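Any read-out appearing in this document is the output of simple, stated calculations on the displayed coordinates, not a laboratory observation. Since this is a predicted model, take the numbers as computed values, not measurements. Backbone-built Cβ (ideal geometry, glycine too); neighbour counts: all protein chains shown.
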Amino acid sequence: MHTPEQAGSTAVDWRPKVISPEDRAVSPTADGLTEVLGDGGPVAELLAEHAALVLRGFGITPKTLERVMPLLLADRLAYVHGNSPRTKVGQNVYTSTEYPRELTISMHSEMSYAARWPARLLFFCQQAAGTGGATPVVDTSLWYRSLDPVVREAFADGLRYTQNLHGGRGFGKSWQETFETEDRDEVDRYLGSAGTDWEWKAGGGLRVTQVRPAVVEDPATGSTLWFNQADQWHPAALGDEAGAALLRTLPQTDLPQSVTFADGSPIPAEYVLQIRDRGLACAIDVDWRTGDLLLIDNVRVAHGRRPFTGSRRVLVAMSD
């Protein structure tokens, strides 16, 4: 497996910025954190400089979270058109992805497959896992540089993502869950304004197709950033047996989600596995402590999840 040490110029030289009461000489409370955050201006400056902030030791609870969240997120977006299984637990506050605890969730920037994506993500650790359960984060410029030139070149023209959303029964998510509405006209308006191709299928399902870039440019530095979810949408990332079993059940065009190159040609499985493995290899783990907050720039930093044991509860909110 490719590691940061083997990557030479792609070795990890970035880490999230940890902010604690001791560092800032404030009380280890929500009031202390409010003092650090000010009117939200310092947050923008810190995030611009570091791309990810860990706020640790302030004793944040679900009750005090509501007091500090407006200083970290200017607004809170609904998880509309999101593909991960989540539960809504508050005003545009959700559980983190609800995949089985024994699985690793590979690195990704949230909703990078969509025409609209959140600029910031805020995670709150309500309960740390018994063991494991870290949230790995990776500099998306480093992730891009870690890939073989042949892979980077292959993705230069972008990707075609396809979602098949059922109408109430079937594999994956329903369109009602995905768009947080029962109103088909509302879905039509949303997709129409996003410049997306879609069709309502017999039986009440919905197929959504989008052509998206695989990379974006960091406007501040000019660096190329890896910004896509090709590995998560490709059956190869499920593993040989699971991917083959799913394809025996459904043709690729009918999978809950699938991805090809922009021209419709298939993406080689070995490219997908390289992308997945090198993103994880270059990542820095944020090992949760109960009460921690993690704020990330969703374009400059991708995130995932390590396997865990015991109970773990991490909430997430998003903003422009």
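Some points to look at:
- Cα-based shape type of the stretch 148-277, given that a ≥ b ≥ c are square roots of the gyration tensor eigenvalues and the cut on a/c is 1.5: oblate
- The trypsin sites (Lys or Arg not before Pro) of the stretch 125-203 that DSSP puts in a loop, and whose beta carbon has at most 16 other beta carbons within 10 Å, are R169, K201.
- Relative contact order of the chain, defined on C-alpha pairs under 8 angstrom at six or more residues apart (%): 35 percent
- Reducing the stretch 123-187 and the stretch 206-240 to their Cα centroids gives an inter-centroid distance of 9 Å.
- Ellipticity at 222 nm from helices only: DSSP H runs of n ≥ 4 in the chain, each -39500 (n - 2.57), divided by the residue count, give -7500 deg cm²/dmol.
- A full extension of the chain between E22 and T224 corresponds to an added length of 69.1 nm, given 0.36 nm per residue minus the alpha carbon distance.
- Other residues with beta-carbon under 15 Å from the beta-carbon of T34 carry, at +1 per Lys or Arg and -1 per Asp or Glu, a net charge of -1.
- Pairs of lysines in the chain (C-alpha under 25 Å apart; 8 or more residues apart or interchain): 4
- Hydrodynamic radius of the stretch 54-196 per Kirkwood, over alpha carbon pairs, in Å: 18.1 Å
- Neighbour net charge for Q163 - beta-carbon separation under 10 angstrom, K R +1, D E -1: +2
- Where GluC sites (Glu not before Pro) fall in DSSP loop in the stretch 177-225, at most 11 other Cβ within 10 Å: E182
- A straight chain from E45 to E66 at 0.36 nm per residue would run longer than the Cα-Cα distance by 5.4 nm.
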